[in-house]
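This report refers to the structure that appears directly beneath it.
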Amino acid sequence: QSARRYDAPLPMSEITRGLQSGELHQGKLRVNRYNPNRGAVGVHSLPGHAEVMLCGRHAMNRALEGDTVVLKLLPQNEWGARE
């Protein structure tokens with residue numbers, strides 16, 4: 001039995017509840033054309049309409065360029081510096 005590569009999708013009820021409470025955020029994924037292991041999601045629900053950087057295919061789960069995605073922010077002490 002192989003190890004699970006990606007997290008299972010959340011149920012729609014949990015996504016809706018998380019978006020309404022502000023625990024989850026939604027935006028469109030843009031994958032870096034020079035490095036497909038990096039992406040960014042413009043999130044309008046964050047102050048200043050922040051851009052959230054994603055590093056690694058695991059962070060992007062199964063999403064592809066242009067997909068609308070829902071994400072949960074890591075604790076701020078786990079945020080990396082922008083390169």
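The values are calculated or read from the model by the stated rules, or taken from the named source; none is laboratory data. These numbers were taken from a predicted model, which means no experiment stands behind them. Areas reflect the complete protein model, heavy atoms only, side chains present, ligands, DNA and RNA absent. Shrake-Rupley method; radii C 1.70, N 1.55, O 1.52, S 1.80 Å.
Could you compute how fast the chain diffuses translationally, taking Rh as the Kirkwood radius over C-alpha pairs and applying Stokes-Einstein at 4 °C with viscosity 1.567 mPa s? Give it in µm² per second.
Working: Rh = 13.7 Å.
Result for D is 94 µm²/s.
How much of the accessible area of the chain, probe 1.4 Å, is carbon plus sulfur, in whole percent? Before the final figure, lay out each step's value.
Working: 3410 of 6610 Å².
Carbon with sulfur: 52 percent of the solvent-accessible area.
Accessible area per residue of the chain at 1.4 Å probe, in Å²?
80 Å²
Give the shape of segment 1-40 as rounded, prolate or oblate, defined through the alpha-carbon gyration tensor: a ≥ b ≥ c are the square roots of its eigenvalues, a/c under 1.5 means rounded, and otherwise the shape is prolate if a/b is larger than b/c and oblate if not. Working shown, then result.
Working: a/c = 3.88, a/b = 1.23, b/c = 3.15.
Note, shape of segment 1-40 comes out oblate.
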